[in-house]
Amino acid sequence: MKDAICKRLDWDSTFFKKEVGELILDEGYDYRIKQGFDVVYVKSKTNFDINLKNYKQTLAQVKVLFSKELNSVSVFKIDNILSVLNKDFNAEQLKQLAFESGKYSRFLLDPYFQKEKFEQLYEKWIFNSFYEGFADDVLVYKENDQILGFVTYKKKVNFATIGLIAVSPNQQGKGIGSDLIQAVECQLSKDCISVLKIPTQLENIGACKFYKKLGYNIVEKEHIKHFWN
């Protein structure tokens, strides 16, 4: 038997002002958790049943990763979609949409996390996407001087990953999300990147159906549970 040891997450601990630990489980592993953590994220590729002494489970979620080959992407252009790299946009304009992108986030759905901290987290995420290199580009969908949607993406060596994507609640179902994804696919094809990966939650049924409709398939699953002391 090998030991799966709970490790302190420095960034999360500092941001949430809690002692945050992470435990990665695998078959054939025993686990050890030192006392003193306020919350522990337990993660595994397979579903698991675990009881942590003195801890209460507050959330169970399945993170999924969609993927698609982009070899046959055709040229795509729409005047409503603009890049923040060459337009007059700022992170503050996308703050509310960033919150919309995280409506299935475990940091919002776990009742032991404050909503204020969730909003700070996603505000920081969109800010860092603009100014700190978290994203290679942020594409916005603008109509009648209103920003109705946006998407961020980051390029790796031979694939790219969507970071955040959202469409205004009263504009959903009009094809804006599809246009944003197609715009990213087109740009990646120009950059000779042939795979786009998109993470979401299995519980986000609408998003899962949306990505499948666009030709994406689930290639990874991760079960995540929160336990509070």
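Taking the Cα centre of the chain as reference, the dipole from Cβ charges on Lys and Arg (+1) and Asp and Glu (-1) amounts to some 500 debye.
Electrostatic bookkeeping for Thr58 treats Lys and Arg as +1 and Asp and Glu as -1; over the other residues with beta carbon under 10 Å from its beta carbon, the sum is +2.
The rule of thumb for compact globular proteins, 2.2 N^0.38 Å, goes into the C-alpha radius of gyration of the stretch 150-207 1.18 times. Between the residues Thr14, Gly36, Trp125, the greatest Cα displacement towards the positive end of the dipole of the chain, with unit charges on the Cβ of Lys, Arg, Asp and Glu, is found for Gly36.
Label-to-label distance for Ile147 and Lys174 is 1.7 nm, based on points extended 7 Å past Cα in the beta-carbon direction.
Applying a DSSP loop filter and a limit of 15 other Cβ atoms within 10 Å to the trypsin sites (Lys or Arg not before Pro) in the stretch 124-200 leaves Lys156, Lys174.
Could you tell me how many degrees, from 0 to 90 and to the nearest 10, lie between the Cα long axis of helix 176-190 and the main elongation axis, the longest principal axis, of the Cα atoms of the chain? Relative to the chain, helix 176-190 is tipped by roughly 80 degrees. Among residues other than Val195 with Cβ under 14 Å from its Cβ, the summed charge is +1 (Lys and Arg +1, Asp and Glu -1). If you build a Gaussian network model of the chain, linking Cα atoms that sit under 10 Å apart, which residue out of Phe48, Phe150, Phe99 swings the most? Comparing Phe48, Phe150, Phe99 in the GNM, the peak value goes to Phe48. Within the same chain, aspartates and glutamates fewer than 8 places from Lys225 are excluded, and of the rest, those with a Cα less than 13 Å from its Cα are Glu22, Asp49, Asp110.
Of Val167, Val157, the residue with the largest accessible area leads and the full order is Val157, Val167 (1.4 Å probe).
Extending 7 Å from Cα along the Cβ direction at Phe48 and again at Ile205 yields two label points whose distance is 2.8 nm. Averaged over its residues, the stretch 124-202 has an accessible area of 46 Å² per residue, based on protein heavy atoms and a 1.4 Å probe.
Amide H to amide H distances under 5 Å link Gly175 with no residue, where only residues 5 or more positions off or on other chains count and H is placed in the peptide plane.
Relative contact order of the stretch 93-151: 28 percent, from C-alpha pairs under 8 Å at least 6 residues apart in sequence.
Scanning residues 5 or more positions from Tyr31 or on other chains, those with amide H under 5 Å from its amide H are Ala4, with H placed 1.01 Å from N in the peptide plane. Given the alternatives (i) 7, 29, 33, 21, 8, 1, 0; (ii) 8, 33, 34, 19, 5, 0; (iii) 7, 31, 38, 20, 5, 0, P(r) over Cα pairs in 10 Å bins from 0, in percent as computed for this entry is given by (i).
The values are calculated or read from the model by the stated rules, or taken from the named source; none is laboratory data. Just so you know, these numbers come straight off a predicted model, no measurement behind them. Note that we place each Cβ from the backbone using ideal geometry, even for glycine, and neighbour counts take in every protein chain shown. These accessible areas exclude ligands, DNA and RNA; they are computed on the full protein's heavy atoms, side chains included. Shrake-Rupley method; radii C 1.70, N 1.55, O 1.52, S 1.80 Å.
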